[in-house]
1. Test each condition in (1) assigned to a loop (DSSP other than H, G, I, E, B); (2) modelled with pLDDT of 60 or more; (3) more than 27 Å from the chain's Cα centre (by Cα) for residue 52 and report the one that comes out false.
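The values are calculated or read from the model by the stated rules, or taken from the named source; none is laboratory data. This is a predicted model, so every value here is computed, not measured. Reconstructed Cβ throughout: ideal geometry from the backbone, glycine too, with neighbour counts over all protein chains shown.
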């Protein structure tokens, strides 16, 4: 027994030319599509900025660790 298939509608060149050119310009990004790269950039910038002061731990938490703990307190 064969399964039914669905065929895609492919518009002809004449039908495509009647559509407005800016039909795809209304696409919107999700909020995380901008937030996640910005967050990753910020975290990498913090890692690079804190690496100049890297030394053996003397009981004091690093700035990156403090920022991470504060973010976890706010989110969690």
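1. Failing condition for residue 52: (1).
Matching residues to (1) exposed (fewer than 10 other Cβ atoms within 10 Å of the Cβ); (2) part of a helix (DSSP H, G or I); (3) out of contact with any strand residue (DSSP E or B) (no Cβ under 8 Å at 6 or more places or on another chain); (4) at pLDDT 80 or above:
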{"residue": "6", "(1), (2), (3), (4)": "yes, no, yes, no"}
{"residue": "11", "(1), (2), (3), (4)": "no, no, yes, no"}
{"residue": "17", "(1), (2), (3), (4)": "yes, yes, yes, no"}
{"residue": "30", "(1), (2), (3), (4)": "yes, no, yes, yes"}
{"residue": "48", "(1), (2), (3), (4)": "yes, yes, yes, yes"}
